[in-house]
Amino acid sequence: MFESTDPRPFITFIAETHMKANATFEFQSPLLKPIKTGLENPTKDHGELGDPLSPMARLFHRPGSSLYIMGLVGSKTTIDPHHFKAGVASAFLAYPRFTSLLVPDKEDTFAGDGSTKMRWVKTNVDIDQHVFFSKTDPKDTSHVGVDKFVEEYTREITGIPMDMSKPLWDVHVLNLDKMTTQGAMAVALFRFHHSIGDGTSLMSLFMSFTRKASDPNAKPSLPVFSKKKQQTYSMSKIHKFLSSLRLLWNTLVDVLNLLATAFFLDDTSNPLKGPKDARQRPRRIILKSVRLEDIKLVKNITKTTLNDVVMGVIESALSRYLNRRYGEINRGGNRVKNNIGNLPQKLRFRATMYFNIRAVQGIQAVENMINKDSLARWGNQLGYVIYPLKIMMRDNNPLDYVYRAQAMMHRKKASMESYFSYHIGRFFLNAFGFKVASIPVNPSMWFSNMIGPQEEISIFGYPVAYLGCTCFGQTVVSFI
């Protein structure tokens, strides 16, 4: 979730859905082929190779579930290839992860489950092998419309396996002959393998090479998190004890639920839950914008937070969508006029919600994040919680969705579930490998959000119409 650069603020949502491919294909196997790195024997001396791949990043190379981050940037003007490539080179190649590829620790092949440890090794980068410009035929945009054309182009990009013999990122640029609904004449798709870094890391990098539209020499302002006001009274010992007891109890319950979900507790089969092979299919990425002022209006009326309102709206929309879909299924595909009462009585529908677990929150300067002693270090510092969604119709008072989301968010904040999920994942990966450790697939959806620039921006001199990001490569639908 990003704040738009439009002077009329709105929130941009990206929903990623499963699509059936016309031809069968799979993401490239994590069993890497021999890689030419410029070193005579890259696995002989680990001192030459650099940092090992972190345990969490290794999860994103699990067989059959390579996970990618895609950033979509719409430019108000067309993009010049030579100028843009020079900008990407100056912005990306200064940082090790973008000039390094992965090699196995040992000289022989990977283990059968793909769990061999890997390290980053520096290599030479040919920018022409990472930045690609596609030609647009006016007949294509006239036939399906420019928005649909961009949507189909993005879907095709999600189905192209990433070449593991070079650094794990690329950029695909599409210059258009017509303006999109969001006001873009060109679209740049930034694709990164998730092992390079999480959304917080990549957003810090993005903020480093963008500039304010009003001042081409000034970087965008880093988002500032306001601290909660200190309580004017001191908590009694009994209050502290009860709060600590509540934290411990909630954490215990959540960790048990976490383990049950990892091993056997699955969601009810539903129209939004993807099949097991969904990770091998192209993804259709849908971008939807909502005015931020409308969200703030509901927030002020209900005395909740922006996230509470957003989660309430999503739960309401999911309830209505699933109610309609179940009605169609029950009536042989015919649309239902009455949208009440089609939902199953017992419907377990949950989402995996990701959190930044760094000691320092918010977006930090990229120069600070690449420092090994930083409290906001670059990498995949992610934990997650299992968020239960109550799928039901609340036509009497739609604001009940928001109030329930507020109560659930308060409940999750009074728990250490996200920190335990991170460390439990590391333990199982180190102890048992990929046979036990994996990213969560039993919940029906993924949720995440990311704060973005606070003002209108430009990228390499090109004014930005919109930006957003999503993940693909997992078996579930994601909202970001």
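With θ taken as phi - 60° and the Karplus curve 6.51 cos²θ - 1.76 cosθ + 1.60 applied, the whole-hertz 3J(HN,Hα) list for region 93-98 is 6, 7, 10, x, 4, 8 Hz, x standing for glycine and proline. A simple rule links phi to the HN-Hα coupling: the Karplus curve 6.51 cos²θ - 1.76 cosθ + 1.60 with θ = phi - 60°, which for region 393-406 gives 8, 10, 5, 5, 8, x, 5, 4, 4, 5, 5, 5, 4, 4 Hz, with x for Gly and Pro.
Between amide H atoms placed 1.01 Å from N, distances below 5 Å from Ala465 occur with Gly74, Ser75, Lys76, all of them 5 or more places distant or on a separate chain. Think of a 1.4 Å ball rolled over the protein heavy atoms: region 237-452 then has 53 Å² of accessible area per residue.
When Phe209, Phe264, Phe98 are compared by accessible area at a 1.4 angstrom probe, the order from most to least is Phe264, Phe209, Phe98.
Residues whose amide H lies under 5 Å from that of Arg283, counting only those 5 or more places away or on a different chain, are Thr158, Gly159; hydrogens are built 1.01 Å from N in the peptide plane. Normalised by the number of residues in region 122-276, the mean separation of alpha-carbon contacts (under 8 Å, six or more apart) gives a relative contact order of 16 percent. Of the residues Leu245, Pro344, Phe427, the one whose Cα sits farthest toward the positive end of the charge dipole of region 237-452, with +1 on the Cβ of Lys and Arg and -1 on the Cβ of Asp and Glu, is Pro344. Measuring between alpha carbons in the structure, the pairs from Lys135/Lys273; Lys135/Lys212; Lys85/Lys135 lying more than 25 angstrom apart are Lys135/Lys273; Lys135/Lys212. Computed packing ranks the peptides 287-293, 467-473, 354-360 as 467-473, 354-360, 287-293, most packed first, by mean other Cβ atoms within 10 Å.
When all protein chains stay in place and ligands, DNA and RNA are ignored, the 1.4 Å accessible-area order of Met393, Met70, largest first, is Met393, Met70. By definition, a body whose alpha carbon gyration tensor gives a ≥ b ≥ c is oblate when a/c is 1.5 or more and a/b is not larger than b/c, and region 377-480 fits this oblate description.
The values are calculated or read from the model by the stated rules, or taken from the named source; none is laboratory data. Quick caveat: nothing in here was measured; it's all calculated off a predicted structure. Cβ sites come from the backbone with ideal geometry, for glycine too, and all protein chains shown count toward neighbours. All accessible areas refer to the heavy atoms of the entire protein, side chains included, with ligands and DNA or RNA removed. Shrake-Rupley method; radii C 1.70, N 1.55, O 1.52, S 1.80 Å.
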